[in-house]
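Novice: I have a structure here, written as structure tokens, and I will follow up with some questions on it.
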Amino acid sequence: NGLQLGFVYALIALGYTMVYGIVRLINFAHGDVFMVGSFISFYAISRFQLHTWLVRLIPNIPPFLGLLVGSITVVIVAMVACALLAFIIERFAYKPLRDAPRISLLITAIGVSFFLEYFGALNFVFTPNFITYKRPFDVTVWEIGKGGISVLKEGTAVNEGSVIFSNIFIIIVVASLLMLIGLQFIVQKTKVGKAMRAVAYDKYTARLMGINTDAIISTTFMIGAGLAGAAGMLYAIAFPSIIFWMGILPGLKAFVAAVVGGIGSIPGAVVGALIMGQADVLSAAYISSPMRDAISFSILILVLLVRPTGIFGEASREKA
């Protein structure tokens, strides 16, 4: 469960760390983009039945393959919708303030966050009520014990010493790893990634070298938001209840994960997120559910006291 939650946090934390690495902005609206991804995927599944489009188009196709392609389509739709939303936010809310004092950007980000939450609460947009998320597949649980791997039927007691996991866990881990590998490839092996690293290092010199810094900044926002949109769907699959303010706490914990790992560092964001996921689940299981959030945020304080730059962070001179 800790790994499952940690990988979701990782996808959200990457947006924080990428944006901060380039424009030194803590985008507090990022958690609400994650919320929008959950609702977009919900409507794509429940209203438009997008997860079954291939089965309806080719009735004889194997059900597993049809469902797999349909579910990937839903993820892509959520990612594209969130990327477009991030482009609009960056263009109209953040870009005009790019050379303003950073406190102005921070206050604007908080304002955008509230706007997304309460605009989404309107009945003609999303809804102010909890919605039960319709999973596009049935949940299967396996048990690993002395007798090997077997399907755990509902209502069956778990044998002592056994480990149980579900297809939800596999989907979240595999999907997250594929997206993390894809992001690492983009950043390290493509021209866009090289431009992103150049702008993060020195925005003004990168502009002199012919890099369109405005386009790169917008692209960074869109990539981070796309990952958050995918995280929104994965989170809703694991915890099938969504509401307009659901992005607040996961967004804050993902931000903490980015800081713990070293904000600006992609590997640091992933490691910090896995730590936060384990802290959440173990605190709830062995200490107290109401204390899980306090313990998770206490980790941030401890890390900053010992290593202010985070686990993978490096001290650097602040650019003028």
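The values are calculated or read from the model by the stated rules, or taken from the named source; none is laboratory data. Every value quoted in this text rests on a predicted model; they were computed, and no experiment measured them. All Cβ positions, glycine included, derive from the backbone under ideal geometry; neighbour counts span all protein chains shown. In case anyone asks, the SASA skips ligands and DNA or RNA and just uses the protein heavy atoms, side chains included. Shrake-Rupley method; radii C 1.70, N 1.55, O 1.52, S 1.80 Å.
Novice: So, R0 is 41 Å and r is the distance between the beta-carbons of Arg307 and Arg207; what FRET efficiency does that work out to, to 0.05?
Specialist: 0.80
Novice: Now a separate question. Report the calculated FRET efficiency for Phe297 and Asn167 (r = Cβ-Cβ distance, R0 = 56 Å), to the nearest 0.05.
Specialist: Working: r = 32 Å, r/R0 = 0.57.
E between Phe297 and Asn167, to the nearest 0.05, is 0.95.
Novice: Report which label in (i) 0.99; (ii) 0.96; (iii) 0.93 holds the value of Rg/Rh (Cα atoms, Kirkwood Rh) derived from the coordinates of this structure.
Specialist: Given (i) 0.99; (ii) 0.96; (iii) 0.93, the calculated one carries the label (i).
Novice: Number of Lys pairs in the chain with C-alpha atoms less than 28 angstrom apart, excluding same-chain neighbours closer than eight positions?
Specialist: Qualifying lysine pairs in the chain: 16.
Novice: Compute the angle between helix 292-306 and the longest alpha-carbon principal axis of the chain, please, reported from 0 to 90 degrees and rounded to the nearest 10.
Specialist: It works out to around 40 degrees.
Novice: Also: Remind me, relative contact order of segment 1-131 in percent, using alpha carbon pairs under 8 angstrom and six or more residues apart?
Specialist: In percent, rounded to a whole number, it is 27.
Novice: Positive end of the charge dipole of segment 72-154 (Lys, Arg +1 and Asp, Glu -1 on Cβ, about the Cα centre): tell me which of Leu105, Leu152, Ile76 has its Cα farthest that way.
Specialist: Leu105
Novice: Carbon and sulfur: what percent of segment 214-320's accessible surface (1.4 Å probe)?
Specialist: 70
Novice: Something else now. Let me spell out the model: positive unit charges on the Cβ of Lys and Arg, negative unit charges on the Cβ of Asp and Glu, origin at the Cα centre of the chain. What dipole size does that give, in debye rounded to 20?
Specialist: It comes to approximately 780 debye.
Novice: Please give the helix 102-120 orientation as an angle from the longest Cα principal axis of the chain, in degrees from 0 to 90, rounded to the nearest 10.
Specialist: 30
Novice: With only Lys, Arg, Asp and Glu charged, each at its Cβ (+1 for the first two, -1 for the last two), find how big the charge dipole of segment 65-184 is about the Cα centre; round to the nearest 20 debye.
Specialist: So the magnitude is around 300 debye.
Novice: Largest first, what is the accessible-area ranking of Ile12, Ile107 with a 1.4 Å probe?
Specialist: Ile107, Ile12
Novice: If I model a spin label as a point 7 Å beyond the Cα along the Cα-Cβ vector, how far apart are those points for Ile287 and Ile61 in nm?
Specialist: 4.7
Novice: Counting only heavy atoms of the protein chains, get the accessible area per residue of the chain (1.4 Å probe) and round it to a whole Å² value.
Specialist: Value returned for the chain: 51 Å² of accessible area per residue.
Novice: Largest first, what is the accessible-area ranking of Ser283, Ser288 with a 1.4 Å probe?
Specialist: Ser288, Ser283
Novice: Determine the calculated [θ] at 222 nm for the chain from helices alone, applying -39500 (n - 2.57) to every DSSP H run no shorter than 4 residues and normalising by the residue count; nearest 500 deg cm²/dmol. Walk me through the intermediate numbers first.
Specialist: Details: 12 runs with 206 residues, N = 320.
Per the formula, -21500 deg cm²/dmol.
Novice: Could you calculate the contour length gain from Leu97 to Arg47, that is, 0.36 nm times the residue separation minus the distance between their Cα atoms, to one decimal place in nm?
Specialist: Gain on extension, Leu97 to Arg47, equals 14.2 nm.
Novice: Just how much of Glu117 is accessible, in Å², when a 1.4 Å probe is used and the result is rounded to the nearest 10?
Specialist: Solvent-accessible area, nearest 10 Å²: 10 Å².
Novice: Taking a ≥ b ≥ c as the square roots of the eigenvalues of the Cα gyration tensor of segment 96-153, is the shape rounded (a/c under 1.5), prolate (a/b larger than b/c) or oblate?
Specialist: oblate
Novice: May I ask you to rank Tyr43, Tyr286 by accessible area, largest first, using a 1.4 Å probe over the protein chains only? Walk me through the numbers before you get to the answer.
Specialist: Details: Tyr43 40, Tyr286 180 Å².
Sorted descending by solvent-accessible area, the residues read Tyr286, Tyr43.
Novice: At a 1.4 Å probe, what is the % contribution of carbon and sulfur to the accessible area of segment 1-67?
Specialist: Whole-percent figure for carbon plus sulfur exposure: 68.
Novice: Now for a separate question. Leaving out ligands, DNA and RNA but keeping every protein chain, what accessible area does Leu252 have, in Å² rounded to the nearest 10, with a 1.4 Å probe?
Specialist: It works out to around 70 Å².
Novice: If you don't mind, another one. At a threshold of 8 angstrom on Cα-Cα distance, excluding pairs fewer than six apart, so keeping six or more, what relative contact order does the chain reach in percent?
Specialist: Relative contact order of the chain: 35 percent.
Novice: Might you work out the accessible area of Tyr133 for me, using a 1.4 Å probe with all protein chains in place, and round it to the nearest 10 Å²?
Specialist: Only protein atoms counted, so the area is about 10 Å².
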